[in-house]
1. Search the stretch 169-217 for residues being aliphatic (A, V, I, L, M) and away from the ligand (no atom under 12 Å from the Cβ), and hand back the single one that is modelled with the lowest pLDDT.
2. Given the residues ILE160, ILE129, ILE140, which is the only one that is among the β-branched types (Val, Ile, Thr), farther than 21 Å from VAL292 by Cα and crowded, with 20+ Cβ neighbours inside 10 Å?
3. What's the total number of residues in the stretch 2-33 that are touching a Gly at 6+ places or on another chain (Cβ under 7 Å) and aliphatic (A, V, I, L, M)?
4. Suppose we filter the stretch 103-120 for residues that are closer than 25 Å to GLU61 by Cβ and either surrounded by fewer than 19 Cβ atoms within 10 Å (Cβ to Cβ) or small (Gly, Ala, Ser) (or both); how many remain?
5. How about the stretch 26-53: which of its residues are buried (at least 18 other Cβ atoms within 10 Å of the Cβ), of a type outside the set (Ser, Thr, Tyr) and within 14 Å of the ligand (Cβ to nearest atom)?
6. Could you count how many residues in the stretch 118-166 are closer than 30 Å to LEU277 by Cβ, in a helix (DSSP H, G or I) and among the aliphatic types (A, V, I, L, M)?
7. Which ranges mark the helices (runs of 4 or more DSSP H) fully within the stretch 167-267 that have 1 or more residues being among the basic types (Lys, Arg), out of contact with any Phe, Trp or Tyr (no Cβ under 9 Å at 6 or more places or on another chain) and surrounded by 15 or more Cβ atoms within 10 Å (Cβ to Cβ)?
8. Give me the residue from the stretch 102-125 that is in contact (Cβ under 8 Å) with a residue 40 or more places away in the chain and over 21 Å from the mean Cα position of the chain (by Cα) and, out of that set, nearest to THR77 (Cα to Cα).
Amino acid sequence: MASPLGPKYKLNNGIDMPAVGLGVFHSEPEETVAAVSSAIAAGYRLIDTAAAYMNEQQVGEGIRAAGIARDEVFVTTKVWMSDYGPEQTPRAFELSLRKLGLDFLDLYLIHWPVPSAFDATVAAYQAAIKLLADGRVRAIGVCNFDASDLDKLIQRTGHIPAVNQVELHPFFNQRALREADDSHGIITQAWSPIGGIKRYGEKAKASKEVQDPLSHPTVALLAKKYRKTPAQIILRWQIELGTSPIPKSVRPARIAENIDIFDFALTPGEVLAIDALDTGRRGGPDPQLVTVQSFAITAPQT
Ligand SMILES: NC(=O)c1ccc[n+]([C@@H]2O[C@H](COP(=O)([O-])OP(=O)(O)OC[C@H]3O[C@@H](n4cnc5c(N)ncnc54)[C@H](OP(=O)(O)O)[C@@H]3O)[C@@H](O)[C@H]2O)c1
């Protein structure tokens, strides 16, 4: 097993979180065990799953297959919006833990704000605060929150999330939201960090436009300069920004490639050149328009 690769970020409650993690959205259950164990073998120490990904059990199996001590791996899962509520969220948490085969979690995230049912979103977060106080989870946070959602949540609960996990890649770099997160001491975690949503998302499928940051000439030029792949250039850019990328792959070679980004650095000018690729257009859903009916997903109840 390779030594852990990359720095750790200190969360606002003092907990250390590895900067780079493996994402497992769209990893089929039958591929997930091998993906997780090969990631740990390659030096990853953070795995990002969710109840809605339907592969928590296989994530747990992959961690055990890797033969790593529990306290050496940082495990994140998320509560799905159909489970927001004072009784529902703790029940969903226990189910996630049982599936993962763990007795505590490192990070529990609220998967989406539901603007039209913000009371339920707040209730889920209040339940997470209780889980944190009870020592069932080491840190809690949110996903897909904008600056005003964060302000409302903090005002209503008196608690500052440790992490805000949002769509973030060269074509949608979330500068303003990163600044808002920073102002609260919240770590910004990047989903679709190499632009996956721009390839598999509904908007990408409906459009004829090529929207792949991996094939942008600016990224290709830097890849040539540093003898790295486009994915490695973009993931290194994430590290230079101070974000936490969680690239998904089920292929061992790509899994190893995506964390092999700590033997070079981009110059400030190169970081700005990638920043300049921002289009202001997200590939995924606009969180302000999300409702419980937006996704054809109901989190598993057993
Ligand atoms: N909180 C949220 O609402 C939310 C939403 C979406 C995602 N996420 C999390 O963020 C993680 C990552 O985001 P994502 O899966 O949307 O997108 P991503 O990591 O940017 O991209 C993943 C896609 O890129 C491919 N890929 C991986 N490494 C590559 C490489 N080195 N070169 C070329 N292609 C490569 C993968 O295919 P292969 O598997 O075939 O390699 C997959 O199709 C998810 O898995 C999930 O854990 C969270």
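The values are calculated or read from the model by the stated rules, or taken from the named source; none is laboratory data. Bear in mind the structure is a predicted one, so any value in this text is a computation, not a measurement. Here Cβ is always computed from backbone atoms with ideal geometry, including for glycine, and neighbour counts include all displayed protein chains.
1. We begin by selecting, within the stretch 169-217, every residue aliphatic (A, V, I, L, M); these are 176-177, 180, 186-187, 190, 194, 197, 204, 206, 210, 214.
Remaining after also requiring away from the ligand (no atom under 12 Å from the Cβ): 176-177, 180, 186-187, 206, 210.
Details: ALA176: 98, LEU177: 98, ALA180: 98, ILE186: 98, ILE187: 98, ALA206: 81, VAL210: 58.
Among those that are aliphatic (A, V, I, L, M) and away from the ligand (no atom under 12 Å from the Cβ), it is VAL210.
2. Details: ILE160 fails: crowded, with 20+ Cβ neighbours inside 10 Å; ILE129 fails: crowded, with 20+ Cβ neighbours inside 10 Å.
Within the list ILE160, ILE129, ILE140, the selection yields ILE140.
3. The number of residues fulfilling the criteria is 5.
4. From the stretch 103-120, those closer than 25 Å to GLU61 by Cβ are 103-109, 111; that's our starting set.
Filter once more, keeping what is either surrounded by fewer than 19 Cβ atoms within 10 Å (Cβ to Cβ) or small (Gly, Ala, Ser) (or both): 103-104.
Residues meeting the conditions: 2.
5. So in the stretch 26-53, the residues buried (at least 18 other Cβ atoms within 10 Å of the Cβ) come out as 27, 32-40, 42-53.
Now narrow it down to the ones that are of a type outside the set (Ser, Thr, Tyr): 33-36, 39-40, 42-43, 45-48, 50-52.
Within the stretch 26-53, ALA34, ALA35, VAL36, ALA39, ALA42, LEU46, ILE47, ASP48, ALA50, ALA51, ALA52 meet the criteria.
6. Of the stretch 118-166, the ones closer than 30 Å to LEU277 by Cβ are 141-151, 161-166.
Then keep just the ones that are in a helix (DSSP H, G or I); that gives 147-151.
Checking which are among the aliphatic types (A, V, I, L, M) leaves us with 147, 150.
So the answer is 2.
7. Details: elements: 175-184, 197-200, 202-206, 217-226, 230-241, 252-259.
Per the criteria, 175-184, 197-200, 202-206, 252-259.
8. The extreme case among them is ALA117.
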